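See structure below.
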Amino acid sequence: MQSAAEDAVSAIIEKWSAGFQKLDANALASLYSRHALFYGSNPTLYRGNEGVAAYFNALPRWRTPTVRFTDVATEQVGPDLINFAGTANFDLGEEAAPLSVKITWVIVREDGDWKIVSHHVSSKTPLIEQ
């Protein structure tokens, strides 16, 4: 049986995946806190809902983008705070090669709803060999 934190994360993942499939920047931005810090697939730090929308509006207009989340881990840190980590596997159709990235979110309860306040993706390719 899933915990309340896992239920909250599952709901966000479902909405995030649906928004990404349509490249709907406003739907995606609505999942983020007005205080969000967002590092996506480029080096720019985006802030708040407007920054998140700007990031998604600037993406290429792939015809059939999809995302699948794997290796998902959630930790309820407090009553209003959830930590999330996983892998986001993007299929961008024929226009681009598939892409898998590590992704972390910090999710907070804001105005009675769960919102992503911190978003960070990084390469699955090791930067330092150990």
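Listed here are the residues, each with its yes/no results for (1) under 10 Å from the mean Cα position of the chain (by Cα); (2) part of a helix (DSSP H, G or I); (3) in contact (Cβ under 8 Å) with a residue 60 or more places away in the chain.
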residue	(1), (2), (3)
Q2	no, no, no
I12	yes, yes, yes
S17	yes, yes, no
Q21	no, yes, no
L28	yes, yes, no
S33	no, no, yes
A36	no, no, yes
S41	no, no, yes
Y46	no, no, no
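Working only within the stretch 48-80, note down all residues that are in contact (Cβ under 8 Å) with a residue 60 or more places away in the chain and of a type outside the set (D, E, K, R).
Scanning the stretch 48-80 gives V52, V72, T74, Q76.
Looking for whichever is farther than 25 Å from A4 by Cα and outside any loop (DSSP other than H, G, I, E, B) here; the options are F69, F56. Which one fits?
F56
Mind listing whichever residues of the stretch 85-113 are surrounded by 14 or more Cβ atoms within 10 Å (Cβ to Cβ) and more than 13 Å from the chain's Cα centre (by Cα)?
D91, L92, L99, V108, R109, E110
Taking the stated definitions as given, is T70 surrounded by fewer than 16 Cβ atoms within 10 Å (Cβ to Cβ), hydroxyl-bearing (S, T, Y) and either within 15 Å of G19 (Cα to Cα) or at pLDDT below 95 (or both)?
no
Which is of a type in the set (G, A, S) and more than 27 Å from L127 (Cα to Cα), of S100, S41, S30?
Within the list S100, S41, S30, the selection yields S30.
The values are calculated or read from the model by the stated rules, or taken from the named source; none is laboratory data. Given the structure is predicted, the values throughout are model-derived calculations rather than measurements. Virtual Cβ from ideal backbone geometry, glycine too; neighbours counted across all protein chains shown.
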